[in-house]
Structures are given as structure tokens and as C-alpha cells.
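What follows draws every value from the coordinates through simple rules; no lab data is involved. Model, not experiment: these values are computed from the prediction. Heads up, the Cβs are rebuilt from the backbone with ideal geometry, glycines too, and the neighbour counts pull from every protein chain shown.
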């Protein structure tokens, strides 16, 4: 029976005579193909929109015929001059080092704090635990920028601004990092408590339980925590700019790069170099994500199982 | 290898819910004790208090004579097998079993260096000085006559206050006097035990002795981690005992339930623990595997040779495994005894019904006395109490009274026709168990009775007749009965141990 006739028969046998229009039969495969094509076209368009600025920056960073902004994208002459100049004629290496120190220190300290905090809140029962959790949740709702002015004063009094901005910034980033316990606590809650108990009976202290049993089982969340802790300071601009306060020794990359082009003459002289700096800054983060994205996604979704 | 002693142990959750009331038990060295009871009776909580996973609200737990209330689980030298195995998913079977060994530190003798010898000599000299001072002090305190005098004085004062207290009516003044009495009591204690100096002298002497011994032998004891070779040896030995040698390289998720449970047991037995705790270790296994593992635990027990505490809700496990059974209900111990004692002489109705499957039949009836003979009258039948049971009743001078009569399903016999000692019932359900029938019957007044009858004695015709609606006459021997007080539900056959107040 061909499909058109079938449709009519179905309509006739029904008590309530709804007359179905004879349908054009479209095969499953063709349907899929059309759908996929549409979706891919949309995705490609979105990718172009998203990738355009990046491609522009990369292309500009290789342009050597002039240093100012131009009306075209594809360079006329290609070369690595901008990169070489960036590392030889500017403070960029210093800024990169500053940022690296700050980011690494923050990643380590903040991860340790967050993970210990999460374990504590997930496993230990003590007076005021729920109050503490709620209190931190509410505190976390206030934007950190609110504290900027007073923090600057405090840091200035401790002589941790301008050229000494590295310890100052680490302190600011690490302080209150325990409040980011939420996702990892959710993840720890999904690990059966009897594992803790078994380990404790087997002779482990609480710390050993955390480091030998819980953390190896929480690889995604550990990597997620370290990644986020590393990325925050790596790309931070506002706070770093404020603490460095125009001191060229105390800047991180974001602030440093911005300082190269914050005057009209600066733009003309340094624009292509600025683009090269942007590319250099993006490389480590891109690499990290390429290798760890699997864990990152698992971390985000795994933590959400039980909030 | 140690004794476990629980005295007045109590567990209260968040100030209100009482999970365990006044638990008292002494577990002998190398004994296998089973805690059994319905879920929520506090058996697991008690076990976890021994393990140190739950705080002890009140009372003391002693392991090997040492109070462990405030010790961390790791310092109690116990092992535990959990119901859900609790294997570490990220470690292989080998590493799972080796986990406690890697954390453990062993006492090892290490020769002393010259520098250390000098140091020890110096501290010995210092200790000797201290000891001299302390001895002097204690001698002063021990001027015996003076102490006696002080005690007599305090006692006199106390008596006076007690007298006053009895005469006093005003509550305020009374409270004041009570406070005074308390203070006097404290002073008296201080006079009796001049403790502090004595204790310090003892520690100092002990320390000097230990240091002197170290000097004499030229070696000191040091705690070190176990070497990898030792760990390998121990783990493979344990794996061999449990038959899991082939799976040592696998991760737990690649194992079946029975194999996982073996690994869990291996992890518990590999370290030399004082007490091995098992929290429903077989509950997650299927019926067949459970029987097999039960037999293996019995065998294993001979090999491990330590003190066991085993928690289960399954009375069969309790009966087959335990040297002694502790039957619990609602946080109270109902009975402690060997499986035979608990089965033959249940102390109360709860134990009688809980132990044995299917559960004991119970019905209200009257116990009457005619001369020296005792009779019961369930459902109009008249059955004489005979044998030991009758003697025990007579010995305990039990009078005629309303009772709850208990008879186990396997002790009820089917008789062919009506008789003065037979009960008329109607068959409801016949469960065919293979070697026996479980007959569910109803008496004429609608009381359910379960009977276990072996099929071997019945002819094929008789078997075929046992269907719904068939009329069946039942009787039971005068030996097989259990008698419980209708009000208290305590057995009339055994002396009740002192029950704690709720």
C-alpha cells in the first residue's frame, strides 16, 4: 500500500472524521540531512561571529608594515617582529612573570582552601555549620568590587601595592576563597560516607582520608577548582590595575598591555604589539583547556548532581 | 585479640531520640558475638560506637581493658567490614587490601647513636631530681595522723549538715545546704587521695625506667612504616586465604558482589586488629551467595582467631555464627545467651517470636494447676505440661494464671481425629518448601497458626489432601511449650535478669 492511500484509510476508519491531508513522504535520512545542514549553517555563522575578533588579533599580531590601526585585516607583510619587540623592548616579560607567579600561587592556595572547606562542610557536623553555609552564600552575593577601596587602603598600609603588588594581589585573590566551596561540596556529598568511615577505621586521619580517598575520587572537581583558581587572576584587570596603580613593575599582563595603548600615541605606536601580547596571553589558557576540558565539563556537571 | 567491655553505654541523637539505652555487655577474648534485632533497634549504632564512628553519649567502652571513648577510630585497633563493602573505587584490589598496612606504623628497634645516649643520660638525671622532689612532697602529705584527723573532722561536719538538711523545710536554705554538702564531699575526696603528686611520681618513675632500659639495651623503639615486601607478603597471604589471588590487579567495579565482600573482609583481616567488627556484611548478597559466605566466615574465624562483633537482622545468621547472641529491640538488650539458650529458653515474648523461622505461634490462654500437674487450655483443648517444663514451673512455684502460650511451628503435630488435647483448625495456605510444608491454619475463632511439618512422614495421598479448606486437628507435646506472663510478656520459665530502667 502506498503511503498516500494509507493516510486516507486511517482517516476514514476513525469515528470522528478528521480528514488528514495526504502527506508527502519524506525519508528519515533526508529529514536528518536537512535538519543537520540547517543546524550546521547556524553553528558556522555563530563560530564566525565568535572567532572573528580572535582571528583579527592573530592576523594583526603578524602585521609588520605598520604599527597603527588600519582599515584592513589581512596583513600585507608578515613577520614575527611584533613578538620579538614585545619581549625585548617592553616590560612584557616582567608582567608575564608577575601574572604567572600570582596565578600559580592563587591556584595552589585557593584550591587547597576550597577543597578543605568543602570536605569540612560535607563531612563534619559541628554547631553553626548550616548557619555558616547560608551566611557565606549571602556574603557571596555581594560583588567583590564593593570592597575594592577599603582593600586598597589596607594593602597600602601593609605596603603591598604598586611595585609590591604580587603578594598584595595573591592575598586579595586567596582571601575568602573558601566561600567557593559550593560546587565541590556538592561533589563530595555524592561520595559515600562509608568510604570515609572505612578509611578512618583502617587507620587514616581526617587529612589522610581527604588526600588518599576523597581527592583521588574527585579528579574532575579538583581540576575544575584549580583551573578556575588559575584563570581568575590570569585575566583579572580591574583589581590588578587598581593595586598596581600605574607602577610598571607591579602590573600583570592585562594591565600592562592596556597601559601600552591607553594614549592615542600609544595606539599608533604599539597596536600590533598589543595584539601579539594578547595572543601570548591566550596561549597557556587555551592549552590548559584543550587538555583538561573533559574534566572541566565533568566538574561542572558532576558538582550539580547534588547541590 | 582483646576483650570488649561496654558499661552503661547510651546513645542519644540530637538531645531527644534515644537509640541505645544503658547497654551492658562483656565480650570475652576471641569470642564471636552477634547483635541481632529488627532494623532500628540500635545494633549498628552500638557497633559504630565500638568502632569510634559514633560519639558515645554516656557510659564507657573498653577495648582490651583500656577506655576508648575519646580515641579516634584509628587508635582503637579495630577493623570493620561494611554492608556496602566500602571499597576504594580508585584503587586495585591489592591496594585496597594494602591500604590499612600502608597507613600503619610498626614498632622497630633501632640502635642508639652516641649523641642520643648522652641526651638520654641527661634526661635520666633530670628525672631523678624530679623524683626526689616528688617523693619528699608525698611523704609530707602522708603524715598519716594528720590526714585521719582531717577526715574525721570532715565526716563530722557532713553528718551535721545531713541532720540540718533533714530538719530544714525552706527550699532555698535546703539548696544552700545541699551545695555545702557537695563541697564537703569534694574536700573529703581531696583528703583521701593526694593524687596529683603520686601520679606525677609514677609517670616520672616509669619514664626513668623506660629510658634506663633503652640505655642498657643500646636500642630504641621507633615507629616505622611497613616495608613494601612485608605488605606484599601479607596481602598475598590474605588473598590466598580468601581465594581472590586472581583478581588482585582489578578495580573493585570489575568484581561481583561476593568477590567485593571477600576483598572487604581481606582488608579488615590483614591488619592485626584487636576486634573485627562486621556490620551486616552479607545483606547485599543474594540468598545463595549469602549461605556460602556464611559458611566461609565460620571457617575464616578459625583462621583469624580474634574477637568478633557481628551485626545482623537475620536470625539464621545470628544462630549459625554466634558463640553468643545479643537480641536487641528499641535500643534495649532483650536477651544475651548462646544460640541454644536463646532458642530453648527465650526470656520474653519478643525473643521467642524473633528467633526461629517461621516465628513462634502465640495465643492467650489460662494456665491451671491440678495437684502437682499443670494444664493449659488453648482453644478449648486441654493439654498437660510435662517433662522439664513442668518441673521448672513447679520449682519456680508458678501459680495458675492467664498466660501467653508459645509453641514453635515445628513442635506442632497433626493428628487424624478430634481428641480432648487437639485443636480444630482449617487450612488456609500450604507452602511447599521441599522437605517440609509450612501450613497456615486458622482456628475456629480465627487465630492464625503456622505449622512446619516434614513431608517425609506423609503419604502422597495425604499430601494431596492438604489443600484450602481442609479440616486439620493439631496438638503439641507438653515439652514444647513456652509460657509468658500475660501482662509483662516475660517468660515464666527463667529468672529475669535485672532490666535497666528506660
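Based on alpha-carbon centroids, what's the gap between the stretch B:16-94 and the stretch A:121-162 in Å, whole number please? Computed from Cα coordinates, the inter-centre distance equals 40 Å. Given a 10 angstrom Cα cut-off, can you work out which residue in A:199, A:105, A:269 is the most mobile in a GNM of chain A? Maximum fluctuation in the GNM of chain A, among the listed residues, is at A:199.
To the nearest ten degrees, helix B:195-217 and the longest principal axis of the Cα atoms of chain B are 80 degrees apart.
Shape analysis of the stretch A:153-307 places it in the prolate category; the axes a ≥ b ≥ c from the Cα gyration tensor give an a/c of at least 1.5, with a/b above b/c. Counting Cβ atoms of other protein chains within 10 Å of each Cβ in B:83-89 and taking the mean gives 5. For chain B, the longest principal axis of the C-alpha atoms and the axis of helix B:257-270 are separated by about 30°.
The Cα-based radius of gyration and maximum Cα-Cα distance (Dmax) for chain A are 28.0, 89 Å.
Taking a ≥ b ≥ c as the square roots of the eigenvalues of the alpha carbon gyration tensor, the stretch B:220-369 is prolate, as a/c is not under 1.5 and a/b beats b/c. Note the angle between two axes, namely the Cα long axis of helix B:228-242 and the longest principal axis of the Cα atoms of chain B, as a number of degrees from 0 to 90, rounded to the nearest 10. It is inclined by approximately 10 degrees.
Of A:50, A:234, A:78, A:95, how do they rank once you tally other Cβ atoms within 10 Å and put the fewest first? Could the numbers behind the result be given before it?
On the way: A:50 9, A:234 21, A:78 12, A:95 25.
The most exposed by this proxy come first: A:50, A:78, A:234, A:95.
Take every pair of alpha-carbon atoms less than 8 Å apart whose residues are at least six positions apart; their mean separation over the length of the stretch A:87-303 yields a relative contact order of 35 percent. Under the simplified labelling scheme, the residue A:42-residue B:113 pair shows an inter-label distance of 7.4 nm, with each label point 7 Å from Cα along Cα→Cβ. For peptide B:268-281, the mean count of partner chain Cβ atoms within 10 Å of a residue's Cβ comes to 1. Remark: B:390, A:111, A:47 ranked as A:47, B:390, A:111, counting other beta-carbon atoms within 10 Å and listing the fewest first. Anyone know which of A:192, A:21, A:93 comes out most mobile in the 10 Å Cα GNM of chain A? Most flexible of the set in this elastic network: A:21. Just checking the listed ones, A:109, A:171, A:20: in the Gaussian network model of chain A with Cα springs under 10 Å, the one fluctuating most is A:20. Residues of the stretch B:337-363 with amide nitrogen under 18 Å from the 7 Å Cα-to-Cβ point of residue B:26? Zone members listed by number: B:337-338.
Over the whole of B:70-77, what's the average partner chain Cβ count within 10 Å per residue? Rounded to a whole number, please.
Partner-chain Cβ atoms within 10 Å, mean over residues of B:70-77: 4.
Overall, the anisotropy analysis places the stretch A:47-185 in the prolate class: the square-rooted eigenvalues a ≥ b ≥ c of its C-alpha gyration tensor yield a/c not less than 1.5, with a/b exceeding b/c.
When each of A:214, A:48, B:404 is scored by the number of other beta-carbon atoms lying within 10 Å, the sequence from fewest to most is A:48, B:404, A:214. Pairs of Cα atoms nearer than 8 Å and 6+ residues apart set the relative contact order; for the stretch B:305-413 it is 20 percent.
Diagonalising the gyration tensor over the Cα atoms of the stretch B:386-465 and scaling each eigenvalue by 5 before taking the square root yields semi-axes of 29, 15, 12 Å, largest first. Each Cα pair under 8 Å and six or more residues apart adds its separation to the average, and for chain B the resulting relative contact order is 18 percent.
Taking the centroid of alpha carbons for each part, the stretch B:372-449 and the stretch B:302-344 are 28 Å apart.
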